[in-house]
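All remarks here apply to the structure that follows.
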Amino acid sequence: MWTAAVAIDPPYCYDAPDFWCTDDWGSGGFYDATHLRGNVAAGAITGGVSMRGASDRTLNGGRATVVWADGHASVTGPGALAKGTNWRPNIPSGDVRLTTVEDYVWDHL
């Protein structure tokens, strides 16, 4: 089994020296073009991060249920998860860039 089938990716995937990931978040990327095929709620444009949590009327009504490394959990919108990058729902995969390292919540830098 290929591990990418059960993994999620951070919003900014490239230029990460000791971290294996498939693709940036965004349209037309790995998740959007393969097994999720445009299913936004399933994570097609959010690196496999499912947006099926409580509705806040963003990204077709969903947010992700996130368990953080310190043990707490929250229901978080995609914009908050992509904080520190230029990600937005209509950005093409591969165009996502890190904008503010201090705000980035994914620990792979």
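With label points built 7 Å along Cα→Cβ from the Cα atoms of ALA80 and VAL66, find their separation and express it in nm.
Result: 0.7 nm between the two label points.
Compute the signed sum of charges (Lys and Arg +1, Asp and Glu -1) over the other residues within less than 14 Å, Cβ to Cβ, of ASP32.
Here the count lands on -3.
Read-outs throughout are calculated quantities, based only on the coordinates presented, and are distinct from any laboratory measurement. Just so you know, these numbers come straight off a predicted model, no measurement behind them. Heads up, the Cβs are rebuilt from the backbone with ideal geometry, glycines too, and the neighbour counts pull from every protein chain shown.
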